[in-house]
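Let me begin by presenting the structure, written as C-alpha cells, before commenting on it.
The values are calculated or read from the model by the stated rules, or taken from the named source; none is laboratory data. Small disclaimer: the values here were computed from a predicted structure and weren't measured. Note: ideal-geometry Cβ built from the backbone for every residue, glycine included; neighbour counts use all protein chains shown.
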Amino acid sequence: MTTSTAYFWTAPILPKFHSNETRIRISNSEISWVVAMISPGMVTGSLAASGVSDKFGRRVTLLASALPFIIGTAFVLHATKPWLLYIGRFLWGLGSGMITTVTSVYLSEIADKEIRGTLTAGTRFMFSFGALLMLAIGSFVSYQVLSYFLIALPICYFLACWRIPETPYYLLKEGKVDTAKKELMRLSGNKNEKMIEEKLSQMRSDVRKEMQRSSSAKELLTGKQYRKAVIVTAGLRFTQLFAGSIPIQQYMGRIIQQSNCGLRVSTALVIFGAVRFVVGFISPMIVDKVGRRPLLIYTYLGSCVMLAMVGAYFFLQQVIGIDDESTNPFRFVVFVGIVISIVISSIGFDTLIFIIPSEIFPLNVRSVAMTVLNIFSAFVTFIVVKGYQPMEDWTGLYGIFWLYAVMAFIGAIFTYFIVPETKGKSLREIQIELQGNIYDQPDDLLKSRDEAEINENTELKEITR
C-alpha cells in the first residue's frame with residue numbers, strides 16, 4: 001500500500017501543478033522528470049535489497065525499506081523547487097525497489113503451492129487499496145495535507161511487519177535448521193511432527209542442491225539452466241510495461257483533462273480508484289483457479305482492444321478534428337476504455353508479472369534474479385514514463401495508446417509460445433520442468449558430503465560459504 005501511494009501520487013498532483021495550486025512552478029519537461037525519477041530509485045533499491053536480503057534476511061530488508069519512504073516524503077513535503085521533488089521521488093523509488101525485490105521472494109518461500117498465487121495476488125490487492133486512498137483523498141486535499149498522510153503510511157508498515165517470521169528457506173540456507181523447523185510450524189499451523197519433518201527434509205534437500213550452484217548475476221545471465229526463466233520474465237516484464245498501465249495511471253488526471261469526457265478530474269479519479277480496488281478482490285480469487293497462461297493471454301488481448309479503442313478516439317479528436325459537440329455521444333470512450341483496460345490488466349498480467357518470476361527461479365539465484373529483473377524493469381519503466389511527454393508531443397495521445405495496444409498484442413503472442421504453466425506446481429516441479437535433467441545434477445556432487453557424519457547445521461553453513 002505504501003508503494004502504491006508513491007506510484008499514484010502523480011495522478012492527483014499533476015492537475016494541481018497545471019492549475020498552479022501548489023507553490024512549486026514547474027514545466028511539462030520538469031513534470032516528466034518528477035514522474036520518471038522513481039525508476040532510478042528502484043534500481044538503487046533493488047541493488048541494495050539483493051545484498052541485504054542475502055546477508056541479513058528477507059524480514060530485515062522489508063523493515064529497512066520503510067526509511068527511504070519517510071525521508072523521501074520529508075523532501076516532497078518541504079519542496080519549493082523541482083529538484084527537491086526529484087530527490088523525494090528517487091527515495092520513494094529506493095524504498096519501492098527494496099519492497100518489490102524482497103516481497104515476491106518472501107511470499108514464494110513461505111507459502112504452500114496451493115495458496116502461493118493467492119498470497120502474492122493479495123499484495124496487488126493492497127496495491128489497489130493504496131491507489132484508491134491516493135486517488136480518493138489526493139484530489140480533495142491540499143498538497144501539504146497529502147504529504148503528511150504519506151509520512152504516516154511507512155511508519156504503519158514498519159510496525160505491521162515487525163513480528164513477521166523469517167522464511168524457512170533462508171534459515172536453512174544459513175544452517176539454522178532448528179529455527180527453520182520452528183518457523184515452518186508457525187507458518188503452516190501444523191503440529192504434526194512427522195509431516196513437518198518430511199517437509200523440512202525435502203526443503204533441506206532442495207536448499208543443499210541449489211546452494212551448490214553459483215548465485216552471481218553473471219551465472220544467472222549465462223547459465224544454461226536459467227536461460228528459459230530469464231527469457232520468460234524479461235519478455236513478460238517488457239511487454240507488461242510497454243502495454244502502458246504505469247504511465248496511464250500516473251498521467252491519469254492529465255489524460256482526463258485532455259479528453260473532454262465531461263467528468264471532473266476528482267470524480268474520474270475516485271471512480272477509477274474504486275473500480276481498481278474492487279478488482280483487487282477478484283484477482284486473488286481466480287489466480288490459483290485459472291491457469292497462468294490463459295489468464296495472461298486473454299488479459300493481454302482484452303487490454304489491446306481497449307487501448308486501441310482509446311487511441312481511435314484521440315485520433316478522431318486530434319487529427320480528424322471532430323468538435324466537442326459532435327463527439328458528445330462518444331466522449332466517455334476514453335475514461336471507460338482506460339478503466340476497462342486497467343481492470344483487465346490488474347486481473348491478469350499486471351498481477352501475474354509479480355507471481356511468475358518468484359516461482360520460476362531456484363533459491364540460489366532467486367534474490368539475484370529479482371534484483372536483476374527489478375533493475376531491468378526500472379530502466380524500461382523510466383523509458384516508458386519519461387518518454388510519455390515527448391511521445392505525446394510527437395504523435396499525439398492516439399500514437400501513445402496505439403503503441404501500448406500493439407505491445408499488449410505482442411505480449412499475448414509471447415505468452416502463447418514461450419511462457420510455461422506454473423499453476424498448482426511446487427517450486428521443485430517448476431524447476432524440473434524448466435531445467436530438465438540439469439536440475440538434479442548437483443545430487444551427484446553431494447553424495448560424498450551426505451555420507452560424511454557431520455552435523456546438519458554445520459553442513460548447510462559450509463555449503464553456503
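Quick notes on this structure:
- Only a single item in (1) under 14 Å from the mean Cα position of the chain (by Cα); (2) modelled with pLDDT of 90 or more is not met by residue 373, and it is number (2).
- Some residue of the stretch 108-123 being in a helix (DSSP H, G or I), basic (Lys, Arg), modelled with pLDDT under 80 and assigned by TED's automatic domain parsing to the domain that holds residue 277: yes
- Residue in the stretch 411-422 that is within 30 Å of residue 216 (Cα to Cα), of a type outside the set (Ser, Thr, Tyr), crowded, with 17+ Cβ neighbours inside 10 Å and at pLDDT 90 or above present: yes
- Any hit, the stretch 107-118, residues being surrounded by fewer than 20 Cβ atoms within 10 Å (Cβ to Cβ), farther than 30 Å from residue 199 by Cβ and not aromatic (Phe, Trp, Tyr): no
- Residue count for the stretch 152-165, restricted to those that are among the aliphatic types (A, V, I, L, M), assigned to a helix (DSSP H, G or I) and surrounded by fewer than 16 Cβ atoms within 10 Å (Cβ to Cβ): 4.
- Test for residue 378: is it at pLDDT below 85 and part of a helix (DSSP H, G or I): yes
- Subset tally (residues that are assigned to a helix (DSSP H, G or I) and within 15 Å of residue 94 (Cα to Cα)) for the stretch 26-52: 18
- Filter result for residue 253 (at positive phi and among the small types (Gly, Ala, Ser)): no
- Qualifying residue in the stretch 273-287 (condition: more than 26 Å from residue 389 (Cβ to Cβ) and not in a helix (DSSP H, G or I)): yes
- Helices (runs of 4 or more DSSP H) contained entirely in the stretch 168-268, each with at least 2 residues that are within 19 Å of residue 357 (Cβ to Cβ) and in contact (Cβ under 8 Å) with a residue 12 or more places away in the chain: 168-173, 193-211, 217-222, 227-242, 245-250
- Selection status of residue 22, part of a loop (DSSP other than H, G, I, E, B), more than 13 Å from residue 91 (Cα to Cα) and touching a residue at least 40 places away in the same chain (Cβ under 8 Å): yes
- Within the stretch 242-255, the residues that satisfy the criterion of being aliphatic (A, V, I, L, M) and surrounded by fewer than 24 Cβ atoms within 10 Å (Cβ to Cβ) are 246, 248.
- Selected residue (criterion: surrounded by the fewest Cβ atoms within 10 Å (Cβ to Cβ)) from residues of the stretch 69-102 that are of a type in the set (S, T, N, Q) and within 30 Å of residue 166 (Cβ to Cβ): 100
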